[in-house]
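Every number here is computed from the coordinates shown, using simple stated rules; none is lab data. Small disclaimer: the values here were computed from a predicted structure and weren't measured. Heads up, the Cβs are rebuilt from the backbone with ideal geometry, glycines too, and the neighbour counts pull from every protein chain shown.
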Amino acid sequence: MAFLNRSRSISIAAGLAAVAAFVNVAVATNSWGGYHWARTTSTFTLKLGNNLSPGWQQHLSDASSDWNSPLSFGATSTPLVTAIVAGQSSKRCTMVAGTTQVCNSTYGNNGWLGLASINITGGVHITQGSAKMNDTYFNTSTYNNVNEKRHVMCQEIAHTFGLDHQSTNGSSQNTCMDYFSNTGANATSTLSTRPNKHDFDELNLIYAHLDSTTTVAQTSSLSSKADIDVTDDPNSWGKLVSQSTNGRSATYERYNENGSKTVSHVYWAIEAAAKCPSCDHRYDGGH
Ligand SMILES: [Zn+2]
Ligand SMILES: [Zn+2]
């Protein structure tokens with residue numbers, strides 16, 4: 001550097017800064033619409049209501065522990081600490097204000113493996129969430145393995161943190177926020193069953209600001225006051241707003257009478273997506 005004149009040093013510095021900025025942008029790609037819990041402190045606890053049957057307990061406890069362990073994944077910190085608490089819902093997974101309710105049940109041959117829904121006020125603030133795993137599929141030999149269950153659990157709860165996918169094309173980014181399938185020849189693969197550093201980087205960006213209000217301090221059941229929850233009827237998800245090319249990942253949105261919005265991420269089963277990748281799988285039948 002001693003040989004360089006001043007202006008050349010500056011232009012190299014500017015170039016490095018531009019590269020650094022580009023890398024930051026490239027890394028920070030999986031915020032879900034800027035949605036986040038409102039909170040007044042730089043770190044906060046999100047309660048995960050445990051409505052699960054015995055077979056799913058370990059998967060929730062592993063996922064919660066992973067999301068609380070940024071250092072294990074090469075990240076330095078996380079703004080969001082999960083705490084598993086007693087479930088306040090049921091297999092239907094009715095949302096409870098200030099919490100994410102986590103549920104499993106045999107929801108039927110409706111095509112979806114996992115479903116995450118959040119309720120949004122003020123355009124961006126998450127007020128409550130739910131994460132459901134469909135045992136109708138997880139009880140079958142294709143999906144009934146530890147790695148696939150862990151992948152989907154890890155992903156569905158994290159959608160309710162405000163995280164989107166890092167990839168939907170089926171490749172593994174070695175994060176549970178992708179669509180690698182831990183089935184068939186990959187059933188014993190532990191790839192994509194846990195978060196990666198990028199997920200924590202993204203959480204730190206999403207929660208870099210503070211809000212003047214909080215949506216994580218539970219007050220009362222919002223869903224009892226207004227019809228803002230999703231039900232077992234897929235029509236309650238609202239309108240299909242985006243779907244991956246392979247048809248496995250879809251997002252639905254519904255605007256509610258109270259001014260809030262309910263947004264759902266649907267993790268479609270292989271068979272549901274394969275039939276007609278671009279179709280709205282709620283209506284293409286015969287899963
Ligand atoms: Zn905010
Ligand atoms: Zn998803």
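Results, tabulated for the structure shown:
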| item | result |
| --- | --- |
| Two-decimal log10 I(q)/I(0) for region 79-161, as the Debye equation yields it once each C-alpha is a single scatterer, q = 0.11, 0.16, 0.18, 0.23 Å⁻¹ | -0.30, -0.62, -0.77, -1.13 |
| Least to most buried among Phe44, Phe138 (fewest other Cβ within 10 Å first) | Phe44, Phe138 |
| C-alpha long axis of helix 6-27 to longest principal axis of the chain, angle in ° | 10 |
| Leading residue at positive end of dipole, region 113-208 (Cβ point charges), from Ile118, Thr190, Asn169 | Thr190 |
| Amide H partners (placed H, <5 Å) of Trp112, local residues excluded | Ala269 |
| Quotient of Cα Rg and 2.2 N^0.38 Å for the chain, N being how many residues it contains | 1.05 |
| Stretchable slack from Gln58 to Asn139, in nm (0.36 nm times residue separation minus alpha-carbon distance) | 27.5 nm |
| Under 19 Å from the Cα of Lys197 - aspartates and glutamates, other chains or at least 8 residues apart | Asp62, Asp66, Glu156, Asp164, Asp178 |
| Interchain or long-range residues, amide H under 5 Å from Thr99's placed H | Gly129 |
| Under the Karplus curve 6.51 cos²θ - 1.76 cosθ + 1.60, θ = phi - 60°, whole-Hz ³J(HN,Hα) for region 103-111, x wherever Gly or Pro sits | 9, 9, 5, 7, 7, x, 7, 9, x |
| Nearest-20 debye value, the chain charge dipole, Cβ charges on Lys, Arg, Asp, Glu | 440 |
| Beta bridges by DSSP in the chain, antiparallel share as percent, to the nearest 5 | 60 |
| Among 275-284, 105-114, the order from most to least packed when residues are scored by Cβ within 10 Å on average | 105-114, 275-284 |
| Dimensionless Rg/Rh of region 229-284 - Kirkwood Rh, Rg from C-alpha atoms | 1.00 |
